[in-house]
Amino acid sequence: MIDKINQLLQEVEALKAANAEELEALRIKFLSKKGAINDLMADFRNVAAEQKKEVGMRLNELKNKAQEKINALKEQFESQDTGCDDIDLTRSAYPVELGTRHPLTIVKNEIIDIFARLGFSIAEGPEIEDDWHVFSALNFAEDHPARDMQDTFFIEAHPDIVLRTHTSSVQTRVMEVSQPPIRIICPGRVYRNEAISYRAHCFFHQVEALYVDKDVSFTDLKQVLLLFAKEMFGEDTKIRLRPSYFPFTEPSAEMDISCNICGGKGCPFCKHTGWVEILGCGMVDPNVLESNGIDSKVYSGYALGMGIERITNLKYQVKDLRMFSENDTRFLKEFEAAY
Ligand code: DAH
């Protein structure tokens, strides 16, 4: 009898079933009322008394092993079961949260689009710049206040290296390696040592435009400015130019547009003047052309520069500049429909 039990134990150890039917057949063979183990149980009473203890233990062991093995195989089949019947494959997936384009990017792209239609192509330069490209090549005098520590972030170990304070530096980067006609638009981030508040930040964004060719005049500049203002803020927008000063342009001007919030009637945003300033511009100073290897007797040009935050504020009335860099998705989501 012991031999028979041992043989069955070995069989049980090696049990395999390829599917649920095979498993059921095994269950019947070993564990059912008429199965092999029950047969042995029935024979148990014929075992000699002195062997009963050992045979009983072995028989129990066999019964438990068979039960365990068959349960394990059953579990294996159940976990392989995909349960397809319970899954509704027609149900739509959970919505994936999509990000939105940043308002400054939306406005930057709009500005680029308008200038691209006029034949301007994009140029970029480094944010970590040297004094030459940010100031000297742009006709800043040695003692110009913009070089002051108050305004400019210098790299301590290299006072010649600065974080660019304006994207006009890209003008010089382009002019020093190319000859006219030059027609570029330069978007990018700039840095100034300002205390952070609702109206100032230590970094912001600008777009610079530069056109250098033969016979470029102030009239060309004015036409482009008017077209830009109308495209950006609507057909009814008016512009006005006020004389100003920049080291790199002569003559220089600042451009105002009719306040697009009150339509020029006067409101708190335009301080009741009906006008809001949006950019600086002018004819490229001949010194700048010469510093960058362009013959100022043959060529002339105009340049303009604007803050993207300022244009965005005007378009969308964002009251606090800090919102642009806080990454609050509730704020960003408000611009979902804008592109
Ligand atoms: N770079 C000037 C600034 O950061 C803006 C500017 C003014 C750019 C006049 C120009 C310009 O190209 O002609 O305030």
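The values are calculated or read from the model by the stated rules, or taken from the named source; none is laboratory data. A quick note: this is a predicted structure, and the numbers were derived from the prediction, not measured. Heads up, the Cβs are rebuilt from the backbone with ideal geometry, glycines too, and the neighbour counts pull from every protein chain shown. SASA here: full protein model, heavy atoms, side chains in, ligands and nucleic acids out. Shrake-Rupley method; radii C 1.70, N 1.55, O 1.52, S 1.80 Å.
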Problem set entry | the range 270-283, subset near the ligand (Cβ under 8 Å from one of its atoms) and open to solvent by less than 10 Å² (accessible area, probe 1.4 Å), residue farthest from the chain's Cα centre (by Cα) | Gly282
Exercise. What number of residues within the range 310-321 are touching a residue at least 60 places away in the same chain (Cβ under 8 Å) and either not assigned by TED's automatic domain parsing to the domain that holds Asn139 or not in a loop (DSSP other than H, G, I, E, B) (or both)?
Worked result: 6
Problem set entry | Candidate set: the range 284-309, residues that are part of a strand (DSSP E or B) and out of contact with any Gly (no Cβ under 9 Å at 6 or more places or on another chain); chosen: the one nearest to the ligand (Cβ to nearest atom) | Gly307
Exercise. Would the range 101-110 turn up any residue that is assigned to a helix (DSSP H, G or I) and exposed (fewer than 15 other Cβ atoms within 10 Å of the Cβ)?
Worked result: yes
Exercise. Restricting the search to the range 153-177, which residues are more than 12 Å from the ligand (Cβ to nearest atom) and in contact with a strand residue (DSSP E or B) (Cβ under 9 Å, 6 or more places away or on another chain)?
Worked result: Phe153, Phe154, Ile155, His158, Asp160, Ile161, Val162, Leu163, Arg173, Val174, Met175
Exercise. Do you know which of the residues in the range 190-204 that are under 13 Å from Ala146 (Cα atoms) and open to solvent by 50 Å² or more (accessible area, probe 1.4 Å) is nearest to the ligand (Cβ to nearest atom)?
Worked result: Arg192
Exercise. Which one is farthest from the chain's Cα centre (by Cα), of the residues in the range 155-171 that are of a type in the set (Ser, Thr, Tyr) and assigned to a loop (DSSP other than H, G, I, E, B)?
Worked result: Ser168
Seminar exercise, completed: When the range 217-251 is checked residue by residue, the ones that are over 15 Å from Ile278 (Cβ atoms) and either surrounded by fewer than 19 Cβ atoms within 10 Å (Cβ to Cβ) or in contact with a Lys or Arg (Cβ under 9 Å, 6 or more places away or on another chain) (or both) are Ser217, Phe218, Thr219, Asp220, Gln223, Glu235, Asp236, Pro243, Tyr245, Pro247, Glu250, Pro251
For this session: Could you check, for the range 322-338, whether at least one of its residues is among the hydroxyl-bearing types (Ser, Thr, Tyr), open to solvent by 80 Å² or more (accessible area, probe 1.4 Å), assigned by TED's automatic domain parsing to the domain that holds Cys186 and away from the ligand (no atom under 13 Å from the Cβ)?
Result: yes
